[in-house]
Amino acid sequence: MKSMLQKITVLMLCAVLLCSLPSVRADAAFRIPGSCQVQTDSGAVGTVKTLDYDYANNTYLSLRDLAMILKDTEKSFSLEVTKNAVALNPGEGYLPLGTENVPWGEEEIPDGSIRRNEFKVNGETVSYYTVIMPLSSGSYDCFMMAADLAMILDMNITIPAGDSLQINTREPFAVSPRELEEAGYFYGVNGVLVGDATTGEIYYSYQSDLPYPIASTSKLMTCLLVMDAIAAGQMDPEDLVTVSEGAQLLSESSDGVIPLTAGEQIPVKELLLGALLPSSNECALCLAEAAAGSQEAFVGMMNQKALDLGLSQAVFFNSHGLPVYTEDPVPAKRQNRMSAEDMFRMVSHLLNVYPRITEITSQQSAVLESRKLEVRNSNPLLRNFSEVTGLKTGTTNKAGACLVTSLTADDGIMEHDLVVVVLGAEDSVERGRVSGLLARYALDAFYAGREGAESGPGAPDPESLPVRAEAAVDWILKTARRR
């Protein structure tokens, strides 16, 4: 009897579990298939399959369908799509498969996930989130955001009516942050700011005066203080730093990036690479302890530097940007915070005092020779814009996904450092997308004469810059290009 009851219980449990599992058809609701009519300024027209991922109007478009429509225009492109990779070559002819511009079949169930699939444009690796899906023919199609493709091909896309797109191949891609703000585009971020770090001019800002957690973008302050110490002769890039037990524990935690063992020694120059490129928390801690003797003393230096720079909304609790708990019976969870305006001021100072620091942050990868370890830069925009020179990503649950981007621009007389600050995006997908759009706007605004740009804080006073600043970063150049 007992055995029979056990069998009945197991069967009932299995039935409950099966009923609780989503069916394949239900899962497809999170990838909603649709279509839209696309017309170009040359008269080409066709149906393009769409995929609304997770939310309505979060729309990705079939690259094969678009390639077919654009194949006889000046924005034609060839396309090769495999299971995990895409190769797109602007200016080349597209070879049709015969399945393009046909609406979804009634029984077709979209099957694919948003991923940072391998994506190459003219052989160069770029970084975009896409959905690759298998076709019934055995080939693959790639679905991409319209704005991402428009930036790659430098063409303008408008929506004249529902379920339709107008592609203007003769108009360059353009971004209007004001219009994006009016449409609620920035509601999904905490604060943004776009400006010229060389002049202090601000092109656009949104909630830029409010403080928010900044996660690992905190490491920009850490590296600034280390560079100050080197410039003052208090540290040397070749100095060997002994890894503490605290750094080893952080390395072994879920937030660890680079394996470190207490007692081993690493040069300051490699700790800077580790902190800036892969965002190593343990490297940042090692730098703080080397510069000030302890993390607590270094935090005091960080907050004093913030006061010196006039960062009214900045508060630091550690050198790396992770959450820190108090020792109270009911511990408070605190995080470094700063406004987008404060971040812009700090980064402007960093780039003006140590302009060649970007020769580190512009690298997609580097080798820590003492550890025989290659580290990769976490900044996705380095792959999408040749003008991008850095600077730093950051992510925690509270801070969201943050990115501080620097770009170089030339007015014919001198080079300028443009800066895009994005704090608190929902995830890395949105962080990259918002930052990419604003990076494009920054370049357009600079070269268009910055019409309508807002007034901003003045550029840092050249008299206040350390006279040894350039000499202090000469050592970087000796190792910055090692891969």
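What does the charge dipole of the chain about its Cα centre add up to, to the nearest 20 debye, if the Cβ of each Lys and Arg holds +1 and the Cβ of each Asp and Glu holds -1?
About 1360 debye.
So for the pair Glu296, Asp209, with labels modelled 7 Å out along Cα→Cβ, what separation do we get in nm?
In this crude spin-label approximation the distance works out to 3.7 nm.
Note the full-extension length gain between Ser139 and Ser365 as 0.36 nm times their separation in residues minus their Cα-Cα distance, in nm to one decimal.
On the way: separation 226, 0.36 × 226 = 81.36 nm, distance 3.29 nm.
Here the answer is 78.1 nm.
Treat each spin label as a single point 7 Å out from the Cα along the C-beta direction, and report the Leu95 to Arg376 distance in nm.
2.9 nm
With θ set to phi - 60° and the Karplus curve 6.51 cos²θ - 1.76 cosθ + 1.60, what are the ³J(HN,Hα) couplings of segment 174-184 in order, to the nearest whole Hz, using x for Gly and Pro?
After applying 6.51 cos²θ - 1.76 cosθ + 1.60, I find 9, 10, 10, x, 4, 5, 4, 5, 5, 7, x Hz.
Once fully extended, how much extra length lies between Thr158 and Glu80, figured as 0.36 nm per residue of separation less the alpha-carbon to alpha-carbon distance?
Value of the extension gain: 25.4 nm.
So, taking all protein chains as they sit and a 1.4 Å probe, how much accessible area belongs to Val226, in Å² rounded to tens?
Surface open to solvent at Val226 totals about 0 Å².
At 0.36 nm per residue, minus the direct Cα-Cα distance, what do Glu124 and Asp111 gain on full extension? Give it in nm, one decimal, please.
That pair, Glu124 and Asp111, stretches by 1.9 nm at full extension.
Can you compute the FRET efficiency between Arg170 and Ser386 using 1/(1 + (r/R0)^6), with r the Cβ-Cβ distance and R0 = 22 Å? Round to the nearest 0.05.
0.45
Percent of accessible area on the chain owned by carbon and sulfur, 1.4 Å probe?
Carbon with sulfur: 52 percent of the solvent-accessible area.
Considering only Cα-Cα distances, which of the following residue pairs are longer than 22 Å: Lys269/Lys372; Lys305/Lys398; Lys219/Lys398; Lys120/Lys219; Lys269/Lys392; Lys219/Lys333?
From the list (Lys269/Lys372; Lys305/Lys398; Lys219/Lys398; Lys120/Lys219; Lys269/Lys392; Lys219/Lys333), the Cα-Cα distance tops 22 Å for Lys305/Lys398; Lys120/Lys219.
Using C-alpha positions alone, give me the convex hull volume of the chain per residue in cubic angstrom.
Residue-normalised Cα hull volume stands at 206 Å³.
The values are calculated or read from the model by the stated rules, or taken from the named source; none is laboratory data. What you are looking at is a predicted structure, and each value in this text was computed from that prediction instead of being measured. Using ideal geometry, Cβ is built from the backbone for each residue, glycine included, and neighbour counts are taken over all protein chains shown. Note: accessible area is taken over every heavy atom of the protein model, side chains too, but ligands, DNA and RNA are not part of it. Shrake-Rupley method; radii C 1.70, N 1.55, O 1.52, S 1.80 Å.
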